[in-house]
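Undergrad: Dropping the structure in here first, questions after.
The values are calculated or read from the model by the stated rules, or taken from the named source; none is laboratory data. These numbers come from a predicted model, not from an experiment. Glycine also receives a Cβ, built like all others from the backbone with ideal geometry; neighbour counts cover every protein chain displayed. With ligands, DNA and RNA removed, areas are computed over all heavy atoms of the protein, side chains included. Shrake-Rupley method; radii C 1.70, N 1.55, O 1.52, S 1.80 Å.
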Amino acid sequence: MTRLLLIRHGQTDTADKKLTGWLPGVHLNDSGREQAEALVERLAPIKLAAIYSSPLERAMETARPLAKARNLDVVKAPGIAEVDYGGWAGKSLKVLARKKEWRIVQIAPSAFRFPDGEAMHEMQSRAVAEVQRIAAAHPKQTVALFSHGDVLKAIVAFFSGIALDNFQRIAISPASVSVIELGPFGARISRLNDTGPLRS
């Protein structure tokens, strides 16, 4: 089986305040940088074959300390980039929560497409395809993937057999680690939203 460590990027000043999506220039704040450094020690017992990341700055910045400690390159994986929120990118969650469409995002996300952006089911499809490609490239190895909250929730939902419309029930905290093992007979979720020390 391939073991996938799904890691959300560290804290940013906009996290849980704005939908940043693909906006450039969103970086880790001081807490996020501390979380990224802490991942080096948290993951120390685990042998890694490769490190993949969303190409967005906040994910790459979270991955780099671990990559440096392991003498590995961070491989950009566009398929696990954040949702393309289109015209909603950069808007505050308080403002968006007043839109009638916001209820669709929360209750029936599989039916929603962000204005001038991506449909939620499209995001899940391309993220799952990227994960499966990476897993196929690393049979019987452990790899780390750095991504974003909604994307990781969608991946976990797919491999757990949870409908996309229920993916908001899954919690994925900044710098948390979720572990999925993929093999010829399917998937096993062995850890979810873990923010503590990890063992091999």
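Undergrad: In the range 1-102, with Lys and Arg counted as +1 and Asp and Glu as -1 at Cβ, which of these residues, 46, 62, 97, has the Cα nearest the positive end of the dipole, that is, farthest along it?
TA: 97
Undergrad: Quick one: work out Rg over Rh on the C-alpha atoms of the range 12-113, Rh as Kirkwood radius.
TA: Details: Rg = 16.2 Å, Rh = 15.4 Å.
Computed over Cα atoms, the ratio is 1.05.
Undergrad: Further question: At 1.4 Å probe size, with every protein chain present, just tell me what the per residue accessible area of the chain comes to in Å².
TA: Working: 9610 Å² over 200 residues.
About 48 Å² of surface per residue is accessible.
Undergrad: Further question on the same structure: Nearest 20 debye, what's the magnitude of the dipole of the range 86-200 about its Cα centre given +1 on Lys and Arg Cβ and -1 on Asp and Glu Cβ? Walk me through the numbers before you get to the answer.
TA: Details: 15 positive and 9 negative charges, 61 e Å.
Approximately 300 debye in magnitude.
Undergrad: How many nm is it between the label spots at residue 97 and residue 68, if each spot is 7 Å from the Cα in line with the beta carbon?
TA: Output for this residue pair reads 3.7 nm.
Undergrad: Could I ask something else about it? Which Cα, out of 180, 107, 128, lies furthest along the positive dipole direction of the range 81-200 (beta carbon charges, K/R +1, D/E -1)?
TA: Farthest along the dipole direction, towards plus: 107.
Undergrad: Same structure, new question: Give, rounded to the nearest 20 debye, the magnitude of the charge dipole that the range 1-88 has about its Cα centre when Lys and Arg contribute +1 at Cβ and Asp and Glu contribute -1 at Cβ. Present the calculation step by step, with values, prior to reporting the outcome.
TA: Working: 12 positive and 11 negative charges, 68 e Å.
The calculation lands at about 320 debye.
Undergrad: Turning to a different aspect of this structure: Collect residues whose amide H, placed 1.01 Å from N in the peptide plane, falls under 5 Å from the amide H of residue 12; neighbours closer than 5 in sequence don't count.
TA: 29
Undergrad: Something else about it: Could you look at the range 1-118 and say what percent of its accessible area is carbon and sulfur, using a 1.4 Å probe and all protein chains? Please report the intermediate quantities before stating the final value.
TA: Working: 3060 of 5970 Å².
Whole-percent figure for carbon plus sulfur exposure: 51.
Undergrad: Right, something else. Rounded to two decimals, what ratio of Rg to Rh does the range 94-200 give with C-alpha atoms and a Kirkwood Rh? Could the numbers behind the result be given before it?
TA: Working: Rg = 15.0 Å, Rh = 15.1 Å.
With Rg and the Kirkwood Rh in hand, the quotient comes to 1.00.
Undergrad: List the lysines whose alpha-carbon lies under 24 Å from that of residue 68, not counting same-chain residues fewer than 8 positions away?
TA: Of all the lysines, those that pass the test against residue 68 - Cα under 24 Å, at least 8 places apart if same chain - are 47, 76, 140.
Undergrad: Going Cα to Cα from residue 18, which lysines come in below 23 Å? Please leave out same-chain ones fewer than 8 positions away.
TA: Partners within reach: 91, 94, 99, 100, 153.
Undergrad: With +1 on the Cβ of every Lys and Arg and -1 on the Cβ of every Asp and Glu, and nothing else charged, how large is the dipole of the chain about its Cα centre, in debye rounded to the nearest 20? Write out the running numbers ahead of the final one.
TA: Details: 27 positive and 20 negative charges, 67 e Å.
Approximately 320 debye in magnitude.
Undergrad: I want to verify the translational diffusion coefficient of the range 143-200 in µm²/s; compute it with Stokes-Einstein, Rh as the Kirkwood radius over Cα pairs, at 25 °C and 0.890 mPa s. Please report the intermediate quantities before stating the final value.
TA: Numbers: Rh = 12.0 Å.
In µm²/s, the coefficient is 205.
Undergrad: Would you calculate the convex hull of the Cα atoms in the range 1-66 and tell me its volume per residue in Å³?
TA: Values: hull volume 6.4 nm³, N = 66.
Taking only Cα atoms, the range 1-66 has a hull volume of 97 Å³ per residue.
Undergrad: Sticking with this structure for a sec: Taking the Cα atoms only, what angle lies between the long axis of helix 149-160 and the longest principal axis of the chain, rounded to 10 degrees?
TA: Taking Cα atoms only, the helix is inclined about 70 degrees.
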